[in-house]
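Inspection log for the structure reproduced underneath, given as structure tokens.
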């Protein structure tokens with residue numbers, strides 16, 4: 001007797017570059033990739049069939065000695081915002097502060 005193996009397959013695309021992928025994870029998740037359309041920032045992909053925009057938000061405050069996420073052109077990026085018809089998601093790149101001990 002043959003038993004069918006059921007697999008949950010989710011198709012993904014990026015609205016900023018030609019990247020496409022699929023995952024087989026059963027739990028809720030989001031696929032990320034290094035997006036050439038956003039200057040190699042780690043950005044979420046969107047489920048196929050969902051209209052959305054994905055934008056990088058430039059950090060506008062003083063960076064100082066903080067270790068921040070930068071794009072290929074050296075601009076500090078503080079977040080990536082995904083806007084869909086049914087809501088908005090935000091992935092924040094928190095800076096890392098430096099400390100020294102004496």
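Values in this text are rule-based calculations from the coordinates and carry no lab data. Predicted, not measured: the structure shown is a model, and the values here were computed from it. Counting neighbours? That spans all protein chains shown, and the Cβs are built from the backbone with ideal geometry, glycine included.
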Query raised in the report: What is the order of 71, 21, fewest Cβ neighbours within 10 Å to most?
Result: 21, 71
Report task. Would you mind getting me the FRET efficiency between residue 96 and residue 22? Use the beta-carbon distance for r and R0 = 25 Å, nearest 0.05. Result -> 0.15
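For the chain, report the translational diffusion coefficient in µm²/s to the nearest whole number, using Stokes-Einstein at 4 °C, 1.567 mPa s, and a Kirkwood Rh over Cα pairs. List each step's numbers first, then the result.
On the way: Rh = 15.7 Å.
Rounded to a whole number, D works out at 82 µm²/s.
Can you put 59, 84, 9 in order of Cβ neighbours within 10 angstrom, beginning with the fewest? Don't skip to the end; give the middle numbers.
Numbers: 59 17, 84 14, 9 8.
Least to most surrounded, the residues fall as 9, 84, 59.
How much length is gained if the chain between residue 79 and residue 62 is pulled fully straight, taking 0.36 nm per residue apart and subtracting their Cα-Cα distance, in nm to one decimal?
Going from the current span to full extension adds 4.6 nm.
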Report task. Quick one: among 73, 40, 53, which has the greatest mean-square fluctuation in a GNM of the chain with alpha-carbon springs under 10 angstrom? Result -> 73
